[in-house]
Amino acid sequence: MKKLQAIEDLLSVLALLTMALLPLAEMTIRPFYPTGIPGSTLWVQHLVLWVTFLGAAVAAREKQLLSLASGDRLFAGRAEPLRRWLVAGIGFSVCLVLAKGGWDLIVAEREGGSLLALGVPVWVVQLVMPVGWAVIGWRLLEAAPGGRWGRISAGALAGVPLAALWFDDWGESGLALPIFLVLLGATALGAPIFVGLGGIAALLLWSNFDPVSAIAAEAYGLTTSPILPTVPLFTLAGYILAEGETPHRLVALFRAWFGWIPGGIALVALLVCAFFTSFTGGSGVTILAMGGLLYPMLREARYPERFSTGLLTSAGSLGLLFPPSLAVILYGLVAQIDIRQLFVSGMVPGILEIALVGGFALLFSRRTGRGAVAFSLREALSQSWRSKWEALIPMVVLGAILGGFATLAEAAALMVLYALVLEFGGRRRLSIRRDLLRVAGAASTLIGGVLMILAVAKGLTNYLIIAEIPAAMLEAVQDRVGSRLLFLLLLNLFLLLVGCLMDVYSAIAVVVPLIAPLGMAYGVDPFHLGIIFLVNLELGYLTPPVGMNLFLASYRFERPLTEVYRAALPFLGIRALAVLLVTYFPPLTQALPRLLGF
Amino acid sequence: QARVKIRMGTLAPKGSNWHQLLEEMGFRWKQATGGEVELTIYAGGIVGGEEEMIRKMRIGQLQAAAISNAGLAEVERSAYGLMVPMMFESYQEWDYVRQEVNRDLEAKLSERGFKVLTWSDVGWVYFFTRTPLQTPEQLRQRRLGASPSEPATLDIMKWAGLNPVPITIADTATGLQTGLIDTIYIPLIFAQGSQLYREARNMTDLRWVPLQGALLMHEDGLERLSAEHRSKILEIAREVGERLRRQTREQEEEALQTMKERGLQVWPVDEPTRRQWLELARGAYPRIRERLVSPEVFDKIQSLRDAYRAGAGAGRDPR
Ligand code: NA
Ligand code: NA
C-alpha cells in the first residue's frame, strides 16, 4: 500500500515536471530546428488532464480536496459521525456517477477511433478520468465512520443515482428536487466542492435527458485546452518560490525601502501578498504560505492582533488582477476575450485596491507614531543587490512573452525553471533530494483540487448552455431591469453572493457564461465587466459567513472564525469601496488600454 | 409520432450569414414535417470547437454540427485528400473533383456513424504576413504559424520543406505582435472575421488550398426520423447547402474588398513564381499520398483534376 502511494505521488510530480520541461525543450531547439518536438504542444495539454486527476486523487487520499468546511464546526458530539457518514456516502455516489460518465465517453471515443499523436488513441489518455473518479470515490467512502458496515451502508447510497441512470424514465419522477437539496446540504456540511458541483451537474443533465458523459467530455475539453497548462505551471513556480528563500528576501527588500514610513511594515505585507497572489493565483495559497512569515513581522512592529489578522486576510486577494494571475487568464478563456487587454484593464483597479488598503493601514499606523526601522540608503541598496534575482522574476515572464521568445504556456514553464534554479541552485534554500518531491507534491495536490472543481463546473456550464439558460435569463432580466445602473447594482449584489458561495475558479466557469451576454445587452464593455467580476468576487471571499479567505485565515492564524469576521470587517468596507469605484467609474479600467492603443 | 429535437452546433457567429441560413433551414424542416422536427442551433462555438462538437455528437448530446474539412479529417483521414496544397486552381475544377470524391467520403463517414446532410464551402486559404511575401524562398525564411491541434496540417507544411511553428489560435494574435511568428495561412473569410489581418497586413495572391465544410449528423439522431421525414430534411439541407456555397463565394469577394479598404496589401504572384510555389507544394505530395491519405484516394483526386483540365475545363481561364 505504502509503495503504491509512493508511486502515485511520484507519477503526479513527474507529470507536472514533464509539463514544465517539454515547452522549455521546445523553446530551446526552436531557433535551430523551428518545427520543434513532434506533437509536444498536444502532449503538454494532455499532461494537464493527467495532472488534474492524479493530483485530485492524491488530494483525496490526504483529505485535502477543497471544501467549504464550515460544517466542521457546526456539528459536534453525537451528530458528527452522522455528518461524516453522509459526506462519505454522497461523495462516493457522485464520484461513481462521474466515473460512469467517463466510461461512457471512452466507449464512444473508442468507436470513433480518433488518434492523438504518435498513434496513441485518444481514449487511452482519457482512461485516467473514470479510473481517477473511481479512486477518489473510494477514498471519500473510506472516511465513513463505523468500520466496514459504516462504509457499506454509506456506499449503498450510490444505489439511488445508479438506479436512476439505469431507468431513464425516472427523469420526471420528482426525484430531482430532493436529490438537489441533499447535494447542497452535503456540500455545506463539508463534502468536497467538486462533489457538490459535479453532483448538481449530473442531476441537471439527467433530468434534461442529457448524457452524464457530457461532464467527462467537458472535463477533457477544458483540461486539454491550449491556455490551461499555464495554471499548473505558474502555481508550481509560486509554490517553489514560497517554500524557498524568496519570501524572506522580498520582505527584507521592501522593509529596507518602506519600513521607515509610519505604517510602512503593513505596506510591506500588502506588497508581498500582492506579488505572491499574482503568481499563485489563489488568495488561499498566499494566506497559507505567507501568513506564517508576515504575521510575526506585523506583531513585532507592534500592530495589534486583530489588525494584523484582518490585514493579512484581506491582502490574500490583492494582486489577483496582476499578470500572470490565473484568475484573469481563466476569465479571458471562458469569456473569449483578449487576455492581454484584460490584464492591462486590471492594472489601475489593482493598484487602486492596494492604495486603498495601504492608505487605511497608514492612517491606522499614525497612532504608533513612527516606522519600525530607520531608513538607510546603504541598507536599501545592499538589500536591492542581495535580492536582485527575486526582483527580476516578473521581468522573466514579461520579457519572454513581449520579446517574442515564448508563448504564454512556455513563459510559465520558463518561470518554473527560473524558480527551480533560483531556489534549488543559487539560493540553496531547498535541496533536490529533500524538498523537490515534497514541494512539487504539495503543488500538484492543490492544482488537482482546483482543476477538478473547474472541470466539473464546466459540466454544469454544459447544462446551462444546452438548456439555453443564458438566453432565458437575458430575456427575464431585460423584462425587469430597465437601466444600466440598476443592472450594475444588481450585478454587484449577485456577484457578492456568488463570491460568498463559490471559489473563483468555479465562479468563472459557471457564472461568466451567464453574465457575459447580459453585460453585452446592457452595453457594458466586456473588459470592464471582467474586472468588475474579479474585484467583486474578491469581496465575497471576505464576506461572512462563508468567505473562503476567512476560513483559511482562521485555520492559518489559529483564531476562532468569529474573531476573524470582526478583524476583517473594516477591510471588507474598504474593498467594497473599491468595487463601487471600479463598477461605476469605467475610466479606471478603460483609460489605460486606450492609452496603450488596444 | 413523437417530436424529434435536433441540436446542431456551429462555429459561425450568431447573426452571421451561415447562422441565418441554418435558422431558415430549421424553420423549413419544421414546416415540411408538420412541426415534428425541431432544430436548435448553438452558434458561435458555445458548444465547443470542431473536435468537441464531434465528441458531443458521439455521446449523443448533439445530433448535428457544421464542421470544416479539417474537422472531418479528424474523423476520416482520407478527407485530407481534398486539402492538398495547390492541387486546385479554380472553383470550377474544385467543384468537378469534390463532387466525385465527396461521394466516397460520405460512404466512409457513414461507416463511422456520421451522415453528411450537405456539403458547402469555407473558401480559399491564403498566406497573411507581416512583411510582404511573394516567393517560396522568402517563405522558407519566415516563422510560419500553424495550429498544433491538427498535426497533419503541420506535417504537410514540413513535407513541403517549410518550418511551421506550432501555435494555437488563442496565441496567434499575440504571436504575430511579438514576432514569435510572422506568417499565417487561413481562409480569407476567417482573416476578416477574426480580424487577424490587422496583425498581418499583407496577403499573397496565391490560392493555397480550398476549405470545404459539411453539415454532419450522427446516425443515431437520423434514425429517430421516419423515412419520409428523413428524405424531406435531406432535400432541404442540400438546397440550403448550395445557397451557402454561392453566398460564401460572393462573401469572399466582399471580405477581400473590405480588408483592402482597411489597409490590407495584396501582393501579386507572376507565372514563373507561381511555378516555383507549385514545386514547393508538390514536394509534399509523395508523403501526403503514402502516409496521410492513401495512394488510391490521392491518385483518384489527381486524375480527376487532370481529366477536368484536359476535357471539361479545357480552354478555361487558368485562374
Ligand atoms: Na482571491
Ligand atoms: Na484584484
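Computed from the coordinates by the stated procedures, all read-outs in this text should not be read as laboratory data. Just so it is clear, the structure is predicted and the values come from calculations on it, not from any experiment. FYI the Cβ positions are ideal-geometry reconstructions off the backbone, even for glycines, and counts take in every protein chain you see.
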> Just from its helices, what would the mean residue ellipticity at 222 nm be for chain B, if runs of 4 or more DSSP H residues each count -39500 (n - 2.57) and the sum is divided by every residue, rounded to the nearest 500 deg cm²/dmol?
Replying inline: -15000 deg cm²/dmol
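As a footprinting exposure proxy, order B:S226, A:S114, B:S147 by other Cβ within 10 Å, with the fewest listed first. Before the final figure, lay out each step's value.
Numbers: B:S226 13, A:S114 16, B:S147 20.
Listing B:S226, A:S114, B:S147 from fewest to most nearby Cβ atoms yields B:S226, A:S114, B:S147.
Can you put A:S317, A:S387 in order of Cβ neighbours within 10 angstrom, beginning with the fewest?
On the way: A:S317 32, A:S387 20.
Placing the least packed residue first, the sequence is A:S387, A:S317.
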>> Can you compute the FRET efficiency between B:K260 and B:E223 using 1/(1 + (r/R0)^6), with r the Cβ-Cβ distance and R0 = 51 Å? Round to the nearest 0.05.
In response: 0.60
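Full extension from B:R309 to B:E137: what is 0.36 nm times the residue separation minus their Cα-Cα distance, to one decimal in nm?
59.1 nm
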> Stretched out fully, how many nm does the piece from A:L493 to A:L11 gain, at 0.36 nm a residue minus the Cα gap?
Replying inline: 169.2 nm
>> Between helix A:408-420 and chain A, what is the angle of the helix's C-alpha long axis to the longest principal axis, kept within 0 to 90° and rounded to the nearest 10?
In response: 60 degrees
>> Apply the a/c threshold of 1.5 to the C-alpha gyration tensor of the range B:203-319 and tell me whether it is rounded, prolate or oblate.
In response: oblate
> How far apart, in nm, are the 7 Å Cα→Cβ label points at B:Q247 and A:E305?
Replying inline: 7.1 nm
>> If R₀ is 22 angstrom, what is the calculated FRET efficiency for the pair A:D435 and A:K388, using the beta carbon separation as r and rounding to 0.05?
In response: 0.40
> Given the range A:479-581, what whole percent of its Cα pairs are spread farther than 24 Å?
Replying inline: 27 percent
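Taking only DSSP H segments of four or more residues, each worth -39500 (n - 2.57), what value at 222 nm results for chain A once the sum is divided by all its residues, to the nearest 500 deg cm²/dmol? Kindly include the intermediate steps, with their values, before the conclusion.
Working: 30 runs with 447 residues, N = 598.
That comes out to -24500 deg cm²/dmol.
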> Which value in nm describes the separation of the simple spin-label points at B:K5 and B:E38, placed 7 Å from the Cα toward the beta carbon?
Replying inline: 0.6 nm
>> Under the rule of at least 5 residues apart or a separate chain, name every residue whose amide H is placed under 5 Å from the amide H of B:W267.
In response: B:M203, B:T204, B:D205
>> Let's test this: bin the Cα-Cα distances of the range A:131-253 at 10 Å from zero up to the farthest pair and state each bin's percent.
In response: 10, 29, 29, 18, 10, 4, 1
> Between B:R287 and A:A79, how many nm apart are label points set 7 Å from Cα along the C-beta direction?
Replying inline: 6.8 nm
> So how tilted is helix B:271-282 from the main axis of chain B? Cα-based, degrees 0 to 90, rounded to 10.
Replying inline: 60 degrees
> B:S231 to A:F585: FRET efficiency via 1/(1 + (r/R0)^6), r the Cβ-Cβ distance, R0 41 Å, to the nearest 0.05?
Replying inline: 0.10
> What size of dipole, in debye to the nearest 20, comes out for chain A about its Cα centre when the only charges are +1 on Lys and Arg C-beta atoms and -1 on Asp and Glu C-beta atoms?
Replying inline: 2240 debye
> If you line up the Cα atoms of the protein assembly as shown on their principal axes, what length do they span on each, largest first, in Å?
Replying inline: 95, 68, 63
> What whole number of Å gives the distance from the Cα centroid of the range A:340-402 to the Cα centroid of the range A:144-204?
Replying inline: 48 Å
> So what's the range B:105-260 giving for Cα Rg divided by 2.2 N^0.38 Å, two decimals?
Replying inline: 1.25
> Does anything in the range A:386-405 have its amide N under 20 Å from the 7 Å Cα→Cβ label point of A:L24, and if so which residues?
Replying inline: A:389-405
> Using alpha carbons only, how many degrees (0 to 90, rounded to 10) separate the axis of helix A:193-207 from the longest principal axis of chain A?
Replying inline: 40 degrees
>> Restricted to Cα positions, what overall size does the range B:50-161 have along the principal axes? Three whole-Å values, descending.
In response: 46, 30, 21
> So between A:A476 and A:K63, what do we pick up on full extension, going 0.36 nm a residue minus the alpha carbon distance?
Replying inline: 144.5 nm
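For the range B:222-319, give the magnitude of the charge dipole about the Cα centre (Cβ charges: +1 Lys/Arg, -1 Asp/Glu; no others), in debye to the nearest 20. Can you show the working numbers first?
On the way: 21 positive and 18 negative charges, 40 e Å.
Result for the range B:222-319 is approximately 200 debye, rounded to the nearest 20.
From the P(r) of chain B, can you give the percent of Cα pairs sitting at distances over 39 Å? The partial results should precede the final answer.
Numbers: 6317 of 50721 pairs.
Of all Cα-Cα distances in chain B, 12 percent exceed 39 Å.
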> What's the percent breakdown of Cα-Cα distances in the range A:230-378 across 5 Å bins, shortest bin first?
Replying inline: 2, 10, 19, 21, 19, 14, 9, 5, 2, 1
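What ranking of B:T174, A:T277 emerges when the number of other C-beta atoms within 10 Å of each C-beta is taken as an exposure proxy, fewest first?
Working: B:T174 20, A:T277 29.
With the fewest neighbours first, B:T174, A:T277 line up as B:T174, A:T277.
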